[in-house]
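Accompanying notes for the structure given below.
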Amino acid sequence: MSIGQNIPHDSSRGHVTGGSVFIDDRALTQKEVFVLPIGVPAAAGTLKKVDTEAAIKAPGILAAFTAKDLHHNMWGTIVPEQPILVDQKIGYYDEPAVILVGTSMDALLRAKPFVKFEIEKAPAILTIDEAIEKQQFIYKANAFVCGNVDDALKKSPHRLQGFFECGGQEHFYMESQACIAYPLEDGQVEIHSSSQHPSETQHVVAEALGLQLHEVVCIVKRMGGGFGGKESQAAPFAAMAALVAQKMQRPARLCLSKDDDMVMTGKRHPFKNFYEIGFDNEGHILGLKAQLYADGGAYADLSSSILDRAMFHIDGAYYLPNAHIEGFVVRTNMHSNTAFRGFGGPQGTMTIESLIEDIAKHLNIDALTVRERNCYGQEKNNVTHYGQKLDHNPLPELFTRLKNDSDYFKRREEIEKFNSLNNGKVRGLSMTATKFGIAFTARFLNQGNSLVNVHKDGTVQVSTGATEMGQGVNTKIQQIVAHAFGIPAPDVKVMATSTEKNHNTSPTAASSGSDINGSAALKASLEIKKRLAWLFQNIIAGTPMNDIAECPPVDEKLLRLEDFDFNHGQVKHLPSGQTLPWADLVKKAYLNRMSLGEYAHFKTEGLGFDKARSMGTPFSYFTNGVALSEVQLDTWTGEYKVLRTDILMDLGRPLNPGIDRGQVTGAFVQGMGWVTSEKLFYNKDGRLLSHSPTTYKIPNIQDTPRVFNIEFIENHENRQNVHRSKAVGEPPFLLGISVWTALKDALKYKTSKIPNIKSPATPEELLMELARYE
Ligand code: MTE
Ligand code: QUE
Ligand code: MOS
């Protein structure tokens, strides 16, 4: 019951009726003030002076604060090197430097132009190439080495050399960065934040204000989307609001406008990846040498972990017998780039998917054939370039099944016929894969804790460190707990995340929110279940109620949990057939003075990666899938449509197939947006020009595939994770790449050379490439 069922998302009604409360929906409290961060009008240089005098005199303006008002101005999830407010050195254009406080947002916006900056400008570094030239590095990874790549390349009958480039991506969550800080007694602060990482927010706020961690509580009810953008970067805005709350002893609300959010916050990392790949006449990859360069922007943020994940995913779904992979994060004068769905994985995998298209063109073989020849095997060719062995690898089955189910070769023939008409339209077809490693590669983050409280009427409240951003983690945890107790899902409520209930939480990220927190919730539930079974066993044995001792530690001889069936709101002792309603048993436990609450800690087992040698087991398991996309490109305008996409995924035994289908759909569309229309434009000073929905093009409903099929295979073997489910949040994002490779495939019909396009493949990008063929 409950597990594997399509119960509705716990906020679905609220989201469509307007009942769901986001940060800015919270009622105004007495004396509450509004906070507006203001950014610097230069990408590099020194901030000499900020003049707020005129602004403060404007109607409705109460105060202005700058870096010197903070107890501690540095933050950074991995390396604390980023100022909350610019002190002297400017990192990027529109970097927050002043916070203006007023009685209304209207007053703040009217006063904003009166704030004056005196800046000594310096030349800005705005591209990866410039940063390499000037040797500006944030991080250099240890190389990943397997086999002997130089030897393999030397012996390869064919070699290709070049570079692959992909752009950044704006998160475009519906709710911008937002928080409200409430001053409490004794200098304590309570922060309500739209954050994927409440513990980090608590930490940054405490440090910025000179408080200790136990003086700050961070509460997250939900986010209107996060997608990685609120993992680290919610924290500095919370610190700004908290500073105002502390200084003025008034509640302070900071909710960014879409435009301010877009210019001030970091995005997906653009990458430039240099490669040399060797292969034989059949297209078998013999060796890959690559150097990955990620644009970290002005500060470190999570860039090092993101680069690591790109290096882990450079293999895509393909076996690399010999590889030498190096990676660098460069420092530029751009907004500090950050986590975004896939966390570097897409930038790594897209490189090899692009290379497979190139190999196919070079050898004049179908790209799917090249993919199948290189696909990781089940018995052999099943060890990654970092030494992790694939367990129950479903990739060969996924490729074969989708090829057959979608009539790949028949459609290829039809496309060839269509393209030979030369009617100003050209079609392309491509299948790509995702093999996404599940676990934080930073080992210590693979832990979580939960608090389960059973009330006297038998209903349950659960709290974990997981934050709800639309992905359905609350619903999955609700299902896990309801299933454990055998009660209806509506009798379980997942409560707002708070650092007061769950401490030292990891960010809800790496797609492992449901894995880790669901496991912790299950563990706590099982402890309570054990106590209730013990009580029931004693009742059956006739032990007088008040004499029932504490539940003993697990001992098969004293208590056999399998003898008890918790289902349909009843608890049944199977050997005797005796039954008690769940709520009655709960009440008896209370009267007998037994604890009906439990806390549990969970850690993911089996992880071990040796960073010095770049070898080991960084991941708990992999989530795999394949997608086939067909596109039609107008060769006169460069415009295109996705005619059809078929997706086949292995999600183990999904906890909620409906929610997972939503995740696959959304992730795919977000992925195809990244590789097609979502282009970031900056002027020569490094100012973001595409800073609003009118200038930045995310996919709309008409851009989605005309025919869109999503299916799951059955896999009952993922014993590594809770109820044999698999993480779903990020893996299908990588399938959006199939739209880009399909466009590249279409171009192949127009040239004898290997098409050379960047990502995103905007109509302009494609038209320019087509123009080179004439
Ligand atoms: N789905 C929705 N609706 N909104 C989001 O912000 N974030 C994605 C994914 N799916 C996101 C989403 C990202 S980046 C991650 S890491 C996972 O959800 C996090 O949640 P999970 O670990 O519980 O799957
Ligand atoms: C995937 C992720 C994250 C990650 C590694 C992954 C992530 C994250 C961190 C991280 C690393 C070091 C730290 C830290 C966080 O690593 O989201 O605080 O010190 O935050 O493979 O999603
Ligand atoms: Mo997701 S990028 O790990 O928040």
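The values are calculated or read from the model by the stated rules, or taken from the named source; none is laboratory data. Because the structure is a prediction, the values reported are computed rather than measured. A quick note on method: Cβ atoms are made from the backbone with ideal geometry, for glycine too, and the neighbour counts reach across all protein chains shown. Areas reflect the complete protein model, heavy atoms only, side chains present, ligands, DNA and RNA absent. Shrake-Rupley method; radii C 1.70, N 1.55, O 1.52, S 1.80 Å.
What number of residues within the stretch 378-401 are more than 28 Å from the chain's Cα centre (by Cα) and of a type outside the set (Lys, Arg)?
The number of residues fulfilling the criteria is 4.
Give the residues of the stretch 308-344 that are within 16 Å of ligand 3 (Cβ to nearest atom) and open to solvent by 10 Å² or more (accessible area, probe 1.4 Å), sorted by residue number.
Residues satisfying the conditions are ASP308, ARG341, PHE343.
Counting just the residues of the stretch 714-755 that are among the acidic types (Asp, Glu) and either within 16 Å of ligand 2 (Cβ to nearest atom) or touching a strand residue (DSSP E or B) at 6+ places or on another chain (Cβ under 7 Å) (or both), which one comes out nearest to ASN423 (Cα to Cα)?
Restricting to residues being among the acidic types (Asp, Glu) and either within 16 Å of ligand 2 (Cβ to nearest atom) or touching a strand residue (DSSP E or B) at 6+ places or on another chain (Cβ under 7 Å) (or both), the top hit is ASP745.
So if I check each of LYS523, LYS557, LYS501, LYS530, which one is open to solvent by 10 Å² or more (accessible area, probe 1.4 Å), basic (Lys, Arg) and over 37 Å from the mean Cα position of the chain (by Cα)?
None of the other options fit; the residue is LYS557.
Out of curiosity, is GLY729 in a helix (DSSP H, G or I) and either of a type in the set (S, T, N, Q) or within 16 Å of ligand 1 (Cβ to nearest atom) (or both)?
Taking the combined requirement at face value, the residue does not satisfy it.
Name the residues in the stretch 214-233 that are without any contact (Cβ under 8 Å) to a residue 40 or more places away in the chain and in contact with a helix residue (DSSP H, G or I) (Cβ under 7 Å, 6 or more places away or on another chain), would you?
Result: GLU215, single match.
Tally the residues that are assigned to a helix (DSSP H, G or I), under 13 Å from MET431 (Cα atoms) and either of a type in the set (Asp, Glu) or touching a Phe, Trp or Tyr at 6+ places or on another chain (Cβ under 9 Å) (or both), restricting the search to the stretch 397-407.
Residues flagged as assigned to a helix (DSSP H, G or I), under 13 Å from MET431 (Cα atoms) and either of a type in the set (Asp, Glu) or touching a Phe, Trp or Tyr at 6+ places or on another chain (Cβ under 9 Å) (or both) within the stretch 397-407 amount to 3.
Mind checking whether some residue in the stretch 77-86 is within 30 Å of SER304 (Cβ to Cβ), modelled with pLDDT of 95 or more and acidic (Asp, Glu)?
Yes; the residues of the stretch 77-86 include at least one that is within 30 Å of SER304 (Cβ to Cβ), modelled with pLDDT of 95 or more and acidic (Asp, Glu).
For the condition basic (Lys, Arg) and open to solvent by less than 10 Å² (accessible area, probe 1.4 Å), what is the one hit in LYS744, LYS726?
Matching residue, one of LYS744, LYS726: LYS744.
Would you confirm whether any residue within the stretch 193-216 is closer than 22 Å to ALA27 by Cα and open to solvent by 20 Å² or more (accessible area, probe 1.4 Å)?
no
Pick from the stretch 438-451 the residues that are outside any strand (DSSP E or B) and in contact (Cβ under 8 Å) with a residue 40 or more places away in the chain: which of them is farthest from ligand 3 (Cβ to nearest atom)?
ARG443
If a residue has to be part of a loop (DSSP other than H, G, I, E, B) and more than 29 Å from the chain's Cα centre (by Cα) to count, how many in the stretch 588-644 make the cut?
Residues meeting the conditions: 10.
Scanning for something over 24 Å from GLY348 (Cα atoms) and without any contact (Cβ under 8 Å) to a residue 12 or more places away in the chain, does the stretch 672-683 turn up at least one residue?
There is at least one residue in the stretch 672-683 that is over 24 Å from GLY348 (Cα atoms) and without any contact (Cβ under 8 Å) to a residue 12 or more places away in the chain.
From the set of residues in the stretch 169-192 that are without any contact (Cβ under 8 Å) to a residue 60 or more places away in the chain and open to solvent by 10 Å² or more (accessible area, probe 1.4 Å), which is nearest to ligand 3 (Cβ to nearest atom)?
MET174
Before we move on, is SER305 within 16 Å of ligand 1 (Cβ to nearest atom) and open to solvent by 10 Å² or more (accessible area, probe 1.4 Å)?
yes
I need the full set of residues from the stretch 357-393 which are of a type in the set (Asp, Glu) and without any contact (Cβ under 8 Å) to a residue 12 or more places away in the chain, in order please.
GLU379
Does ILE754 meet the test of being under 26 Å from VAL473 (Cβ atoms), of a type in the set (A, V, I, L, M, F, W, C) and out of contact with any Pro (no Cβ under 7 Å at 6 or more places or on another chain)?
no
Of the residues GLY224, GLY229, only one is away from ligand 2 (no atom under 16 Å from the Cβ) and either closer than 16 Å to ALA178 by Cα or modelled with pLDDT under 95 (or both); which?
GLY224
Looking at (1) buried (at least 24 other Cβ atoms within 10 Å of the Cβ); (2) in a helix (DSSP H, G or I), find the lone condition where SER511 falls short.
Of everything listed in (1) buried (at least 24 other Cβ atoms within 10 Å of the Cβ); (2) in a helix (DSSP H, G or I), SER511 misses just condition (2).
Hey, HIS269 hits all of (1) open to solvent by 10 Å² or more (accessible area, probe 1.4 Å); (2) under 23 Å from ASP129 (Cα atoms); (3) assigned to a loop (DSSP other than H, G, I, E, B) but one; which does it fall short on?
(1)
Got a number for residues in the stretch 277-292 being in contact with a Leu (Cβ under 9 Å, 6 or more places away or on another chain) and closer than 20 Å to PHE144 by Cα?
Number satisfying all stated conditions: 9.
Tell me which residues, restricted to the stretch 336-394, are small (Gly, Ala, Ser) and part of a helix (DSSP H, G or I).
Across the stretch 336-394, the qualifying residues are GLY345, GLY348, SER354, ALA360, ALA367.
Output the qualifying pairs, or none if there are none: Cβ atoms under 8 angstrom, residues six or more apart or on different chains, first residue in the stretch 506-527 and at positive phi, second residue in a helix (DSSP H, G or I) and within 16 Å of ligand 3 (Cβ to nearest atom).
Close Cβ pairs satisfying both conditions: ALA510/LEU445; SER511/PRO731.
Out of SER463, SER406, SER430, SER420, which single residue is open to solvent by 10 Å² or more (accessible area, probe 1.4 Å) and of a type outside the set (A, V, I, L, M)?
SER420
What pairs come out if I take residues in the stretch 397-424 that are more than 27 Å from GLY638 (Cα to Cα) and pair them with residues that are small (Gly, Ala, Ser) whose C-beta lies under 9 Å away, six or more apart or interchain?
LEU398/ALA317; LEU398/ALA433; LEU398/GLY625; PHE399/ALA317; PHE399/ALA433; LEU402/ALA627
If you check LYS435, LYS410, which single one turns out to be closer than 25 Å to PHE668 by Cα and either in a strand (DSSP E or B) or in contact with a Ser or Thr (Cβ under 8 Å, 6 or more places away or on another chain) (or both)?
Matching residue, one of LYS435, LYS410: LYS435.
Out of ALA54, ALA67, report the one residue that is at pLDDT 95 or above, touching a Phe, Trp or Tyr at 6+ places or on another chain (Cβ under 6 Å) and surrounded by fewer than 23 Cβ atoms within 10 Å (Cβ to Cβ).
ALA54
I'd like to check something: does the stretch 80-93 contain any residue that is more than 32 Å from the chain's Cα centre (by Cα) and not charged (D, E, K, R)?
Scanning the stretch 80-93 turns up at least one residue that is more than 32 Å from the chain's Cα centre (by Cα) and not charged (D, E, K, R).
Residue by residue through the stretch 323-347, note down the ones that are more than 16 Å from ligand 1 (Cβ to nearest atom) and within 30 Å of ASN683 (Cβ to Cβ).
Those that are more than 16 Å from ligand 1 (Cβ to nearest atom) and within 30 Å of ASN683 (Cβ to Cβ): GLY327, PHE328, VAL329, VAL330, ARG331, THR332, ASN333, MET334, HIS335, SER336.
Would you confirm whether or not the stretch 50-67 contains a residue that is within 25 Å of HIS197 (Cβ to Cβ), over 29 Å from the mean Cα position of the chain (by Cα) and not in a strand (DSSP E or B)?
yes
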